[in-house]
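The values are calculated or read from the model by the stated rules, or taken from the named source; none is laboratory data. A quick note: this is a predicted structure, and the numbers were derived from the prediction, not measured. In this analysis, Cβ positions are derived from the backbone assuming ideal geometry, glycine residues included, and neighbour counts consider all displayed protein chains. Ligands, DNA and RNA are excluded from the accessible area calculation, which covers all protein heavy atoms including side chains. Shrake-Rupley method; radii C 1.70, N 1.55, O 1.52, S 1.80 Å.
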Amino acid sequence: GLVATKGQQSGRAISLYMACIRHILNLAKEEYNDEDKGLVIIPNSPFQKYKIKHATSRKRRAIEPIIIQAIMNLPDWRTSDKPSKVISRRDLARDCFLLSFGLAGMNAADLYGSNAKLKGDVIIYNRQKTASRRQDDAEFHIRIEPCPWPLIEKYRDDGGTHLFNFHRWYKSPMAFDIALNHGLLLVDKALAENNDIANLLPQHITFYAARHSWATIARSSRLNIDKYTVHEGLNHVDDAMKITDIYIDRDYTNIWNANAKVLDLFDWSAIKK
């Protein structure tokens, strides 16, 4: 059942499944075996001989800055000339993509989640994808630049339990994620009508492209932001610096300044409307 399909030629699925199986086996042996007492209910250790192959790197999903600008300029989808209070799925995907980009690649699960808090002009949250694997619970602070503020206000939750109100529309992060993917397909379709960028469009713009694009633009020759700042801005773990990080109080200023430089490359005037 662990045969890679055509869409999984990188072997990532197999690598992840086998890593999970290894972890479950090790937990079971820790729970039921007691070598000191000679009690070995689970004797086999297949992963001492079988080494899990690391999956090849995923194809980069960054998109050109001109496409990001076109997403910003994409007008609201109206079925009539009358203003509507109902936000279309396409506009939701557009806005959330730009929210992620404007917040240095904040994931959809974190936009949806309940742990993000606003302190002044800084969002503080724990990145859900890696929080359980890190001593600092993957805590991250990102300053909100003026340009994405209209989107922050548009989707602010007035209930106090969440920063954004997406949980009121979708019952789970998965349902929210599905809605974003469907909406981005409609964004793809709208952008394809723009002859200036049609030949630059990928097969499909994914939500994660906001995160990839932020990092790629930051590292580009136009800004030349150092790789470690980009690495920190994505809230990744640096295994080589784990011990050092214990003794250092984290300063987010370099990340905030980098984000400001990235966002300053674009015209956000359409968002203000």
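Summary table
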| quantity | calculated |
| --- | --- |
| Residue (of Asn165, Leu186, Ile197) at the positive-pole extreme of segment 146-215, dipole from beta-carbon charges | Asn165 |
| Exceeding the 29 Å Cα-Cα cut-off - candidates Lys129/Lys273; Lys189/Lys227; Lys53/Lys227; Lys117/Lys273 | Lys129/Lys273; Lys189/Lys227 |
| Net length gained if the chain between Leu39 and Trp149 were fully extended (0.36 nm per residue, minus Cα distance) | 33.5 nm |
| Spacing of the two label points (7 Å from each Cα toward its C-beta) at Leu27 and Ala175, in nm | 2.7 |
| Average accessible surface area per residue within segment 111-196, 1.4 Å rolling probe, Å² | 54 |
| FRET efficiency, 1/(1 + (r/R0)^6) with R0 45 Å, evaluated for Leu118 and Gln69 via beta carbons | 0.95 |
| Stretchable slack from Thr206 to Arg222, in nm (0.36 nm times residue separation minus alpha-carbon distance) | 3.3 nm |
